[in-house]
1. Please turn the phi angles of the range 21-35 into ³J(HN,Hα) values with the Karplus equation 6.51 cos²θ - 1.76 cosθ + 1.60 (θ = phi - 60°), one per residue in order, whole Hz, x for glycine and proline.
2. May I ask you to sort K31, K127 by Cβ crowding, counting other Cβ atoms within 10 Å and putting the fewest first?
3. Order these by the 10 Å Cβ neighbour count, fewest first: L134, L23, L148, L100.
4. Mean Kyte-Doolittle of at least -0.5 and a Cα length of 18 Å or more along the axis: which whole DSSP H helices of the chain meet both?
5. At R0 = 45 Å, how high is the FRET efficiency between L148 and H53 if r is their beta carbon distance? Nearest 0.05 is fine.
6. Between G18, T147, G83, whose Cα lies farthest towards the positive end of the dipole of the chain when Lys and Arg beta carbons carry +1 and Asp and Glu beta carbons carry -1, centred on the Cα centre?
7. With the Cα gyration tensor of the range 52-134 in hand, give its eigenvalues times 5 under a square root as the equivalent ellipsoid semi-axes, listed largest first in whole angstrom.
8. Given only helices, namely DSSP H runs of n ≥ 4 each adding -39500 (n - 2.57), what is the per-residue ellipticity at 222 nm of the chain, to the nearest 500 deg cm²/dmol?
Amino acid sequence: MAGSPADDSAVLDALFAGSPQGLFVLDSERKVTRYNPRGRGVRRLSAEDVIGHRVEDFSPGFEPRELRAMIDEVLETGEPLRGRLIRGRSPSNPRRTLALEVSIFPMYRLSDDRPGLVGVVEDVTAKQAAADRLAVLGRVHETVGSTLDVRTTADELVRAGA
């Protein structure tokens, strides 16, 4: 059952007002036309810092080429990009390192028939930190303790944690 335009508008307003994920709408020039100001990482940024700007303009803690490459990939292929992990400094708190899962989807029904994009950004910092710790423990389990020699075991621990 298709929703009415009023229903669609209410859903969009609710998403952009309350979603904990970062939501971004980009025009064909890769500039933000709408975003969720409650999204983690942009909470302390003003609308003037975000609207009309490219993502890399207000995300100095992330690698600009990586951000542009993801956006360009979707614009060029027309295929969604799902769950790409990126790491960098929080735009609103540069002392905090974030792990973000980014999904970008093409949007074709713009008024000028030029493609735009919808981006969804999920803060997975805590989940990724736990996965990183588990990976280190896995390496330790696989490589440490092959001998009872204390020096060898210490060297194995150092290598596993690197």
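1. 7, x, 10, 9, 10, 10, 7, 5, 9, 6, 9, 6, 10, 7, 7
2. Least crowded to most crowded, the residues run K127, K31.
3. Arranged by neighbour count, lowest to highest, L134, L23, L148, L100 become L148, L134, L23, L100.
4. Qualifying helices: 5-18, 64-77, 125-143.
5. Result of the calculation: an efficiency of 0.15.
6. T147
7. Largest first, the range 52-134 gives 26, 15, 10 Å.
8. After summing the helix terms and dividing by residue count, I get -12000 deg cm²/dmol.
Computed from the coordinates by the stated procedures, all read-outs in this text should not be read as laboratory data. Being a predicted model, the structure only gives us computed values, none of them experimental. Neighbour counts are summed over all protein chains in view; Cβ atoms, including those assigned to glycine, are modelled from backbone coordinates with ideal geometry.
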